[in-house]
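Encoded as structure tokens, the structure appears first; notes follow it.
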There are 2 protein chains.
Amino acid sequence: MSLGRTPVLRMSTLFVRTLREDPADAEVASHKLLVRAGYIRRAAPGIYTWLPLGLRVLAKVEAVVREEMVAAGAQEVHFPALLPREPYEATGRWSEYGPNLFRLQDRKQGDYLLAPTHEEMFTLLVKDLYSSYKDLPTTLFQIQTKYRDEARPRAGLIRGREFVMKDAYSFDMDDAGLDASYAAQRAAYQRIFDRLGLEYVVVAATSGAMGGSRSEEFLTPTPIGEDTFVRSAGGYAANVEAVVTPVPDALPYDDAPAAHVEDTPDTPTIDSLVAIANERFGRPDRLWTAADTLKNVVLALTHPDGRREVVVVGLPGDREVDLKRLGAAVEPADVEPAGDADFAAHPELVKGYIGPGSLGPQGAQVPVDGAAGDGDPATVSAVRYLLDPRVVEGTRWITGADAPGKHVFDLVAGRDFTADGTIEAAEVKAGDEAPDGSGPLELARGIEIGHIFQLGRKYAQALGLTVLDVNGKQQVVTMGSYGIGVTRVLAALAEANHDDKGLAWPVHVAPHHVQLVAAGRDASVFEAAERIAAELADRGVEVLYDDRPSKVSPGVKFADAELLGAPLVVVVGRGLADGVVEVRSRVGGDAEQVPVDDVVDAVVGRVEALLAAAPGRS
Amino acid sequence: MSLGRTPVLRMSTLFVRTLREDPADAEVASHKLLVRAGYIRRAAPGIYTWLPLGLRVLAKVEAVVREEMVAAGAQEVHFPALLPREPYEATGRWSEYGPNLFRLQDRKQGDYLLAPTHEEMFTLLVKDLYSSYKDLPTTLFQIQTKYRDEARPRAGLIRGREFVMKDAYSFDMDDAGLDASYAAQRAAYQRIFDRLGLEYVVVAATSGAMGGSRSEEFLTPTPIGEDTFVRSAGGYAANVEAVVTPVPDALPYDDAPAAHVEDTPDTPTIDSLVAIANERFGRPDRLWTAADTLKNVVLALTHPDGRREVVVVGLPGDREVDLKRLGAAVEPADVEPAGDADFAAHPELVKGYIGPGSLGPQGAQVPVDGAAGDGDPATVSAVRYLLDPRVVEGTRWITGADAPGKHVFDLVAGRDFTADGTIEAAEVKAGDEAPDGSGPLELARGIEIGHIFQLGRKYAQALGLTVLDVNGKQQVVTMGSYGIGVTRVLAALAEANHDDKGLAWPVHVAPHHVQLVAAGRDASVFEAAERIAAELADRGVEVLYDDRPSKVSPGVKFADAELLGAPLVVVVGRGLADGVVEVRSRVGGDAEQVPVDDVVDAVVGRVEALLAAAPGRS
């Protein structure tokens, strides 16, 4: 959408009602204020209606995104939101998306979905139109409504179920081409967020359900962000989900004592175990700490086909499992802590005293499915055992002995137990060394506003997108995928630009440049304000004129102006008798008394200065 | 969507492929040509993807619609497409829409729909924000993607399942206010279609599933239109579905002879019956004609709740049942000719010899449900009997006698039979008198491009939209609903602007003003064309430069330029050696040789002249 010609907006007729109270379901500032200021209204959980002021901001954000996409050489197309199942079946995503996908049938029982993202359709379209290396590279984009049936829609526009995305896709013959297309989009994203005045960090990311190799996220730092990211002074930055634990060298263990089981009654927790260890099995050189213990955490995966699988993750006792990191590691499966039924199905797992002895390779005594849960250990199925990468060969551990009240000491990894693999499931802590050795990590939170992927050949392969190369041979195309959450960006802008009185938009995305308040009872006030509004509009300034009659008090009008958040507030009021009008900045609140005959020039000058100060078009 | 800055488009990189063959599923010119010219691609039945050139045209059409809505005082909002069931349940449309509605469930088994139109949501939004007569009138609009699960999507964009609509809704306190809001939208529609250069007729229409009273359609006349409309020389115009049959005066029948049953063997058709009547039962004064016979047509309704009902429509034998008129009359039920199972369920209906005797009031001997179809006439259920309005009291008919080979003569309406009601089911014929007496009707076909409704209080009542009136009393608001099929308008423009070579867009909606063809082998040709393209773009002309290398023949390039349909084609070719470039009009084909140094000025002048000739903004 775009703004049409903008006549003067008038509070008396503008379709808006401000609210003094926060909506009951709102937790974050952008959600509260966008609703209170009459920018959006909830239609259903995670689904919003755009009112005129909200739509004006959205149009301005979209315009910036569109201009920079075109400037980067991308061509705009527009796909349906309602799509047939088949292409998503071909890539496996019809099932991988699980309950996050809105699925429906048409009147002929054909299966359809509401697209969460469009890799498949873009791939098929390029396959439909193009056939030769001469056609490539090409990058296509759309700004389009997307659907995801989020389990927990939250924070208003930040995690919705119907939302606007800009998604772009690049098509290249080879890796070097993909690198170049990726770099062009990455640079366009930087220009977009620069122009929007939105602070951002580019971090390494996981690819998730997209597949592919390289991937980076653009996060805007904010304490209410859903994503946690890490940074080092040396320039490393990654979503915490993408942090790869540095693997220590293996340790020699020829001199290690044999493992020995000890009675450790009433030690179901790490703390109680460490206390008893120090009290009864103290070492001469140093105290035992949680880092000496190997904690085995039982989790349940739900695979896309609905199958539930119990797995155990072993990690040093001084770290918790980070379910988001673990979730990213096991995608497309979902993961949650194991429940009573899971334990009941695996009686070999002795709660509080689980050790490697019952797990993975050494635990798989009788790998027979289907007889679990009857209490006979000879018939239980094997449980996969996955280790934190720090548990390298030669490390010695205190861990559960698979019997109540017993732990085993000096259990040596690689000598006494092995696992089915390693997994990135342990939390990342502030102070951990960056994977690239660039110093200790600090943690912060952010909102994901953009995500760029090198998909590689996954989609082209699955859907048969090949073109003839220079030698006349069919070659599979390599792709990139680049997304910006447009409605989420708007929410992020509101998060970054507000105070306790309301929104405070940067000029280039504000729904209007100036809120003009007629604050007085005399007709002369309204006449002067009317004239100023018309003259400002003639000069290209976007004006919302608060022309409500004088029984709406100046206080109410000022409060609404602050809530709505135009960068400049012009007040025609008592000063008019002395020939002056007040011009206030929404941010900072500095007020200037300007002679009424100069006010149009003054406001035009200030709007132009604000626009000039904003980062320009590429 | 809107056009961003437009750099020179280049055929070598533009995401387009023209096709020489019509797509197999295309029947109408707009569908064939929009696909062949690479404007759209089918994603699923009735669901299309927009390629860059199509999207550019769509953006221009949308811009005209948006500008005129804003000029008419309407405010833009934007609703979700995915909506909860409840509001549509409250108005009955959740079920009334039947299989035309895409329904789905979210992960919590909540019922949702993809909105076919948004009366409910606009009503609720105004209820949410407004509470007083002082807030009204207001008119809101959106340009938004809509969904209807059409039984037979056809003609490309003309009847799709996902399409773009502009829908507007007015809210007023009283009928006079609604009249004014309706008039404002009607005038805006006229300006929109005038600016788009689209011929249109405003015709009286039925309200259909919308409900409400007054309603008019904007139809663009074309032989491929799905709608039939009528016009009289005296100014009457209506969709054929909305034509109300003038009801003749009742006739005296005191002197009419008694009805008499005659043997009429082998007369299953009207023609055979008329022939036998004249041969064996001839009248002295004139011949029997089909208009003397009362034809009883058996039809099956499917109600929104799935119930199937057999009804019989009685009409003069010289007219056919018009299923579209009948369909409009029985909405929200669907109607189709009765099938064998329907006849089997009603053995009292003697195929070919059905008369009023077995129908409606006089046929309902034993109104017992559930025992139909066993052949015992004492247990059949009553069949509703609906009459054409021409069958007034006193009219005499030859009609079936409910026995094979028998007809009844001189059967007098009102004396010998009555019906359950009248129905507008008979076809309208050219030459029929207009309902308002303004002369005989002529018939034509058209595409519905706009539809405006006076909804009245139906939705406000159902959803509780009241505001305080001047006296502080709650009053139900009255509403109007105003739709334009934006994607359908684009198709209608293509229908109206093409020839056998391709599309031929009016300048104000063309994807680009000029297609510039480099037609030659010399580098000088490409250098000159490159320079002209850049200079035209600098002057604000939208240029698609066919820069494909010379192995793409001039013939192919010319054919593509004609297929794509820009209003001007500039050819840099052999003439360049003599210092001239050719400027051609797409329509008319007149070609002018212009000195190469003058060509930019000449083309700018012609584009400006074309734009100036188009109807301007309001």
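Nearest 5 is fine: what % of DSSP beta bridges in the stretch B:503-613 come out antiparallel, could you say?
Once the DSSP bridges in the stretch B:503-613 are tallied, antiparallel ones form about 50 percent.
Show the residues, 5+ positions off or on another chain, whose built amide H is closer than 5 Å to the amide H of residue A:434.
A:439, A:441
Let me make sure I get this right: for the stretch A:86-168, a, b and c are the square roots of the gyration tensor eigenvalues over alpha carbons, sorted descending. Under 1.5 in a/c it's rounded, otherwise prolate if a/b > b/c, else oblate. Which is it?
oblate
Within the stretch A:215-324, report the trypsin sites (Lys or Arg not before Pro) that DSSP leaves as loop and that have at most 15 other Cβ atoms within 10 Å.
A:286, A:307
For the A and B pair, go ahead and give the buried accessible area with a 1.4 Å probe, both sides summed, in Å² to 100.
Approximately 5500 Å², summed over both chains.
So with the 1.4 Å probe, I'd like the accessible area per residue for chain B, rounded to whole Å².
Per-residue accessible area for chain B comes out at 39 Å².
Which of the lysines could a cross-linker bridge to residue A:406, judged by Cα under 17 Å and excluding same-chain residues fewer than eight apart?
Excluding near neighbours in sequence, the set is A:295, A:351.
Over the Cα atoms of the protein assembly as shown, how large are the radius of gyration and the largest Cα-Cα distance (Dmax), in Å?
Cα only, the protein assembly as shown: 37.1, 134 Å (Rg, Dmax).
Considering the options B:289, B:53, B:77, tell which one lies farthest towards the positive end of the dipole of chain B, charges being +1 on Lys and Arg and -1 on Asp and Glu at the Cβ, about the Cα centre.
B:53
Going by a ≥ b ≥ c, the root eigenvalues of the Cα gyration tensor, does chain A fall in the rounded group (a/c under 1.5), the prolate group (a/b larger than b/c) or the oblate group?
Prolate.
Expressed in nm to one decimal, what extension gain is obtained for the pair residue B:410 and residue B:534 from 0.36 nm per residue of sequence separation less their Cα-Cα distance?
36.3 nm
Any chance you could give the angle, 0 to 90 degrees and rounded to 10, that helix B:523-538 forms with the longest Cα principal axis of chain B?
Value to nearest ten degrees: 70.
For the pairs B:146/B:458; A:134/A:473; A:146/A:166, note any where the Cα-Cα span goes beyond 18 Å.
B:146/B:458
Between the stretch B:240-263 and the stretch A:13-52, what is the C-alpha centre distance in whole Å?
Spelled out, the Cα-based centre of one part sits 62 Å from the other.
Just to be sure I understand: of the beta bridges DSSP finds with both ends in chain A, what percent are antiparallel, rounded to 5?
Of the beta bridges lying entirely in chain A, close to 80 percent run antiparallel.
Return the whole-Å distance between the Cα centroid of the stretch B:532-562 and the Cα centroid of the stretch A:130-168.
32
Where the label is 7 Å out from Cα toward Cβ, how close does residue B:534 come to the same position in every other copy, in nm, shortest first?
4.7
I'd like the residues of the stretch A:107-133 whose 1.4 Å-probe accessible area shrinks by no less than 10 Å² going from the isolated chain to the full set of protein chains.
So the qualifying set is A:107, A:108, A:112, A:114, A:121, A:125, A:128, A:129, A:130.
Would you please give the FRET efficiency between residue A:27 and residue A:574, computed as 1/(1 + (r/R0)^6) with r the Cβ-Cβ distance and R0 = 41 Å, to the nearest 0.05?
With a Förster radius of 41 Å, E is 0.55.
Do any trypsin sites (Lys or Arg not before Pro) in the stretch B:535-573 lie in a DSSP loop with no more than 16 other beta carbon atoms within 10 Å, and if so, which?
Filter output for the stretch B:535-573: B:539, B:551.
What distance in nm separates the two pseudo spin-label positions at residue A:469 and residue A:344, each 7 Å out from Cα along the beta-carbon direction?
For residue A:469 paired with residue A:344, the spin-label model returns 5.8 nm.
7 Å along Cα→Cβ for the label point: how many nanometres lie between residue A:597 and each equivalent label in the other copies, listed shortest first?
Distances between equivalent label points, in nm: 5.2.
From the label point of residue A:255, set 7 Å along Cα to the beta carbon, how far off in nm is each other copy's matching point, shortest first?
For residue A:255, the other copies' label points sit at 13.6 nm, shortest first.
In deg cm²/dmol and to the nearest 500, what is the mean residue ellipticity at 222 nm of chain A if only DSSP H runs of at least 4 residues count, each as -39500 (n - 2.57), divided by the residue total?
-7500 deg cm²/dmol
In nm, to one decimal, how far is the residue B:418 label point from the residue B:286 one, both placed 7 Å along Cα→Cβ?
Distance between label points: 3.0 nm.
Run through the stretch A:485-575 and list the GluC sites (Glu not before Pro) located in a DSSP loop whose Cβ has at most 15 other Cβ atoms within 10 Å.
For GluC sites (Glu not before Pro) across the stretch A:485-575 that sit outside H, G, I, E and B with at most 15 neighbouring Cβ atoms in 10 Å, the list is empty.
Considering only DSSP beta bridges where both residues belong to the stretch A:260-422, give the percentage that are antiparallel (nearest 5).
70
Counting only Cα, what are the radius of gyration and maximum Cα-Cα distance Dmax of the stretch B:503-613, in Å?
12.6, 38
Nearest 10 degrees, 0 to 90: what angle lies between the long axis of helix B:175-196 and the longest principal axis of chain B (Cα atoms)?
So the helix axis and the longest Cα principal axis differ by about 50 degrees.
Which cross-chain or sequence-distant (5 or more) residues have an amide H under 5 Å from the amide H of residue B:415, H modelled 1.01 Å from N in plane?
B:394
Under the classification rounded if a/c is under 1.5, otherwise prolate if a/b is larger than b/c and oblate if not, where does the stretch B:214-372 fall, given a ≥ b ≥ c as square roots of the Cα gyration tensor eigenvalues?
In terms of gyration-tensor shape, oblate.
Per residue of B:143-152, what is the mean number of Cβ atoms on other protein chains within 10 angstrom of that residue's Cβ?
The per-residue average across the peptide is 3.
Report the gain in length on full extension from residue B:601 to residue B:255: 0.36 nm times residue separation, minus Cα-Cα distance, nm rounded to one decimal.
This chain segment gains 116.0 nm when fully extended.
Taking all protein chains in place and a 1.4 Å probe, what share, in percent, of the accessible surface of the stretch B:260-422 do carbon and sulfur account for?
53
Under a point-charge model restricted to the Cβ atoms of Lys and Arg (+1) and Asp and Glu (-1), what is the dipole moment magnitude of the stretch B:141-191 relative to its Cα centre, in debye to the nearest 20?
The dipole magnitude comes to about 540 debye.
Points 7 angstrom from Cα along the Cβ direction at residue A:433 and residue B:151: gap in nanometres?
Reported label-point gap for residue A:433 and residue B:151 is 7.3 nm.
The values are calculated or read from the model by the stated rules, or taken from the named source; none is laboratory data. What you see is a predicted model; the values in this text were computed from it and never measured. Note: ideal-geometry Cβ built from the backbone for every residue, glycine included; neighbour counts use all protein chains shown. These area figures cover heavy atoms from the full protein model, side chains too; ligands, DNA and RNA do not enter into them. Shrake-Rupley method; radii C 1.70, N 1.55, O 1.52, S 1.80 Å.
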